[in-house]
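One structure is given here, and the rest of the page talks about it.
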Amino acid sequence: MSAPTHESTGTADPDEVREPPTGGAGAAPRLSDRYGRVATDLRVSLTDRCNLRCTYCMPEAGLPWLPKPTLLDDDEVVRLVGVAVELLGVREVRFTGGEPLLRPGLAGIIAAVAKLDPRPEISLTTNALGLDRLANTLVDAGLDRVNVSLDTLDPERFAALAKRDRLASTLRGLEAAAATGLAPVKVNTVLMRGVNDDEAPALLRFALEHGYQLRFIEQMPLDASGVWRREEMVTASEILGSLRKEFVLEPDPAHRGSAPAETWLVDGGPAKVGVIGSVTRPFCGDCDRTRLTADGQVRNCLFAQEETDLRSLVRAGADDEAIAERWQEAMWGKLPGHGIDDPSFLQPARPMSAIGG
Ligand code: SAM
Ligand code: SF4
């Protein structure tokens, strides 16, 4: 296998342990951790509900949804994003879920976040169901980019995999996103052994034809049913091997930075394909993310066992500085790596759909 674009460190270096931020005069507060990483990329889950049931994410019967009174309302979401952006140095805000298009106030939330100073980059991760009707409104509100999840081009497989016969709707949403100025649209694909792992080249061909940027994501132990098995996961190496049967892939010379995807030039470029080897090629050492759940809990990692409750603080009347300080404390405790390979690894209690992927 060729060398990756940029050698990402699997975990943060434990020898690099820092002192807590002092907040001294002139020092802008940041979301730093004891290993020297700084979070500037905020993922906000707007709902734990979804209109699909992708097998690697949600059981067919759905889940016990978060009780409505525990959910942040639109103003609370905007207030917390404002604290992250205006006080804590967050520069990118991605709305996700569950399915964020199901949130009635999505356009209003985006419009309010677009007015923050400095204005963050605003993006959305979505299954694109209904995006054809919403894309214009969301772009007018301030949406900059979109990532669409698409695991197969076969309608029957889609229905088996997502338990809903909605491939055509996702494809319409994708086209609308590209036509509405959200290009280059990124497409996220999770491959599962014996389900869609033979489709990698076809999906790449489809993405190249439409000008979408395809990224394969290794399946992570974040499904609600706890059925993930490492030995059954389709690895980054297998994905690249399968693509190389039809395409020439060369490491992308562009600097990877904190991006989770290793990227490869396809057939000499400029088109690229990405592989996010979250499990076999972890990028925790370069992680710049912080997460806010739909019920107002900060998570410093997808795999964190602990959460920090900002909702209670907001509802108790705390001022922005107090909220910012609690957020900083939450990030300071971030572990150096996700530890999936550690025998003591425990899958988080919340599944991906309730954390926000
Ligand atoms: N519903 C939206 C969607 O599907 O794009 C946003 C939420 S979804 C949880 C966000 C991303 O997480 C999707 O790209 C999905 O494929 C990915 N995802 C969900 N469960 C996963 C798992 N167990 N391992 C890897 N990726 C997963
Ligand atoms: Fe829904 Fe996204 Fe999970 Fe699929 S991956 S069930 S679309 S939240």
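Annotations
- Only a single item in (1) out of contact with any Leu (no Cβ under 7 Å at 6 or more places or on another chain); (2) outside any loop (DSSP other than H, G, I, E, B); (3) under 25 Å from SER312 (Cα atoms) is not met by LEU80, and it is number (1).
- The residue that is least open to solvent (accessible area, probe 1.4 Å), counting only those in segment 36-67 that are without any contact (Cβ under 8 Å) to a residue 60 or more places away in the chain and more than 16 Å from ligand 1 (Cβ to nearest atom), is GLY36.
- Residue check, LEU240 of a type outside the set (S, T, N, Q), in contact with a Phe, Trp or Tyr (Cβ under 8 Å, 6 or more places away or on another chain) and within 16 Å of ligand 2 (Cβ to nearest atom): no
To keep it simple, each residue is scored yes or no on (1) open to solvent by 30 Å² or more (accessible area, probe 1.4 Å); (2) more than 27 Å from ASP288 (Cα to Cα); (3) within 15 Å of ligand 2 (Cβ to nearest atom).
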position: PRO69; (1), (2), (3): yes, yes, no
position: VAL85; (1), (2), (3): no, no, no
position: VAL90; (1), (2), (3): no, no, no
position: ARG119; (1), (2), (3): yes, no, no
position: LEU131; (1), (2), (3): no, yes, yes
position: ASP151; (1), (2), (3): no, no, yes
position: PHE158; (1), (2), (3): no, yes, yes
position: GLU175; (1), (2), (3): yes, yes, no
position: GLY181; (1), (2), (3): yes, no, no
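- Looking at ALA224, ALA207, just one residue is at pLDDT below 90, of a type in the set (A, V, I, L, M) and under 28 Å from THR47 (Cβ atoms), and that residue is ALA224.
- Complete set of residues in segment 37-85 that are of a type in the set (D, E, K, R) and under 16 Å from TRP327 (Cβ atoms): ARG37, ASP41, ARG43, GLU76, ARG79
- Within the set MET1, MET58, the sole residue that is aliphatic (A, V, I, L, M) and modelled with pLDDT under 90 turns out to be MET1.
- For segment 203-232, a residue qualifies if it is part of a helix (DSSP H, G or I) and touching a residue at least 60 places away in the same chain (Cβ under 8 Å), and the qualifying residues are LEU204, ALA207, LEU208, ARG230.
- Identity of the residue in segment 315-357, in a loop (DSSP other than H, G, I, E, B) and within 16 Å of ligand 2 (Cβ to nearest atom), that ends up nearest to THR189 (Cα to Cα): GLY357
The values are calculated or read from the model by the stated rules, or taken from the named source; none is laboratory data. Since we're looking at a predicted model, the values are computed, not measured. Backbone-built Cβ (ideal geometry, glycine too); neighbour counts: all protein chains shown. What goes into the accessible areas is simple: the full protein's heavy atoms, side chains included, and nothing from ligands, DNA or RNA. Shrake-Rupley method; radii C 1.70, N 1.55, O 1.52, S 1.80 Å.
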